[in-house]
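Heads up: the structure comes next, in structure tokens.
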Amino acid sequence: MPEHTFHFLGGLPRSGSTLLCNILAQNPRVHATQTSACMDVMFGVRNNWDKLIEHKAHPMPQAKQRVLRGILKSYYADVSRPVVIDKCRGWVSLLEMAELALDRPAKIIIPVRDLRDVLASFERLWREQAASGQINGESENYFRFQTTEGRIAHWIRDDQPVGLAYNRIRDAVTRFQNQDLLDRLHFVPFERLTTDPTGALADLYRFLGEPVFEHDFEQIEQVTTEDDSVFGFQDLHTIRGKVEPIAPRWPEVLGDIAQRYGGLNFWRPIVQEQIQRFTPAPSDKQAPIGA
């Protein structure tokens, strides 16, 4: 079984995580995944281990740790690339489990985006599909889905995609704020990824402890595939073939509703601290591999 270095990726939906994974896939050292079920498999073992009567009678915490580690290693046993980045938004809430399995501090990449544009992106997806059918959950929330205001309020609920991911990230910052936060969590703002991809990727590699790689941002091949119908939307994980800036769309899509969500981007000071930490002085810069 090959030895891998494992890292994790989880953040806000509609924030460039699929784009980032396919950019990273250009690097022959990196295997970046589509949305993975590995965390859920480990989560199930963690939750049920101590419920077994045999383990109640004879606890085996070290065996539990070995099994969790074994799941992670076996899940990617057929991957030849040495660095595995497992993508799942749930990792943000289960970083402690990841660290138990790795027996070391874990590193998680967190794509984020102005929350107004995340919500506007969901609204645009809904409008594109509204003519031909309902999305998951719409029939159970029929009256809420009659207005843009209602739909936005639905997606940002604690048990819905945007609200759940947002709360997980905010809580992770709280949990690790006094424990080398910048060594564990690395935010990748969509706005920076699409306007300064070279800088964004260079800082990411320094966070991971990997050599900087020279990517081709003009031609991004999509190597991760997902059946988006299971998530209730079409083209949820389809990316553009070129990295380029995208103007904010929330003003035209959300209108006055956007005022309620403009002050929630709590990660911005952390991102500035990251940039100061991971961007070397000009004299310290090295040529990227692949150059």
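The values are calculated or read from the model by the stated rules, or taken from the named source; none is laboratory data. Every value quoted in this text rests on a predicted model; they were computed, and no experiment measured them. No Cβ is skipped: glycine too gets one built from the backbone with ideal geometry, and neighbour counts run over all protein chains shown. For the accessible areas, the whole protein counts, side chains as well, though only heavy atoms, and no ligand, DNA or RNA atoms are used. Shrake-Rupley method; radii C 1.70, N 1.55, O 1.52, S 1.80 Å.
Residues of region 61-80 that are hydrophobic (A, V, I, L, M, F, W, C) and either modelled with pLDDT under 95 or touching a strand residue (DSSP E or B) at 6+ places or on another chain (Cβ under 9 Å) (or both): L72, V79.
Condition first: in contact with a strand residue (DSSP E or B) (Cβ under 8 Å, 6 or more places away or on another chain) and within 24 Å of R192 (Cα to Cα). Can you find one or more residues in region 90-104 that meet it?
Checking region 90-104: at least one residue is in contact with a strand residue (DSSP E or B) (Cβ under 8 Å, 6 or more places away or on another chain) and within 24 Å of R192 (Cα to Cα).
Restricting attention to region 52-102, the residues that are open to solvent by 90 Å² or more (accessible area, probe 1.4 Å), within 17 Å of Q34 (Cα to Cα) and acidic (D, E) total 1. Summed over region 129-146, the residues that are open to solvent by 70 Å² or more (accessible area, probe 1.4 Å) and out of contact with any helix residue (DSSP H, G or I) (no Cβ under 7 Å at 6 or more places or on another chain) give a count of 8. Taking the criterion of being under 30 Å from Q274 (Cβ atoms) and either in contact (Cβ under 8 Å) with a residue 60 or more places away in the chain or of a type in the set (D, E) (or both), the residues of region 125-158 that qualify are L125, I152, I156, D158. For region 25-46, a residue qualifies if it is more than 21 Å from G241 (Cβ to Cβ) and open to solvent by 50 Å² or more (accessible area, probe 1.4 Å), and the qualifying residues are R29, D40, V41, F43, R46.
Residues are listed down the side, and each one gets a yes or a no for (1) open to solvent by less than 30 Å² (accessible area, probe 1.4 Å); (2) modelled with pLDDT of 90 or more; (3) part of a loop (DSSP other than H, G, I, E, B):
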position: L182; (1), (2), (3): yes, yes, no
position: V188; (1), (2), (3): yes, yes, no
position: Q219; (1), (2), (3): no, yes, yes
position: Q222; (1), (2), (3): no, no, yes
position: Q234; (1), (2), (3): no, no, yes
position: T238; (1), (2), (3): no, no, yes
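For region 4-24, the candidate set comprises residues that are among the aliphatic types (A, V, I, L, M) and open to solvent by less than 20 Å² (accessible area, probe 1.4 Å); within that set, the residue that is nearest to V118 (Cα to Cα) is L12. Contact map, region 100-115: first residue closer than 19 Å to L24 by Cβ, second residue aromatic (F, W, Y) and outside any loop (DSSP other than H, G, I, E, B), Cβ cut-off under 6 Å, separation 6 or more or different chains; pairs are I108/F8; I108/W91; I110/F187; V112/F187; R113/F190.
For first residues located in region 40-63 and without any contact (Cβ under 8 Å) to a residue 40 or more places away in the chain, partners that are β-branched (V, I, T) and lie 6+ apart or on another chain with Cβ distances below 8 Å form the pairs V41/I71; V45/V67; V45/I71; W49/V67.
The set of residues in region 189-222 being β-branched (V, I, T) and touching a helix residue (DSSP H, G or I) at 6+ places or on another chain (Cβ under 6 Å) consists of V212, I220. Would you mind stating whether W49 is open to solvent by 10 Å² or more (accessible area, probe 1.4 Å), hydrophobic (A, V, I, L, M, F, W, C) and modelled with pLDDT under 95? So W49 does not fit the description; no.
Sort out which residues of region 161-201 are hydrophobic (A, V, I, L, M, F, W, C) and more than 14 Å from V271 (Cα to Cα), and write them in order of number. Scanning region 161-201 gives V162, L164, A165, A172, F176.
Among the residues of region 145-180, the ones that are assigned to a helix (DSSP H, G or I), under 18 Å from the mean Cα position of the chain (by Cα) and among the hydrophobic types (A, V, I, L, M, F, W, C) come to 7 in all.
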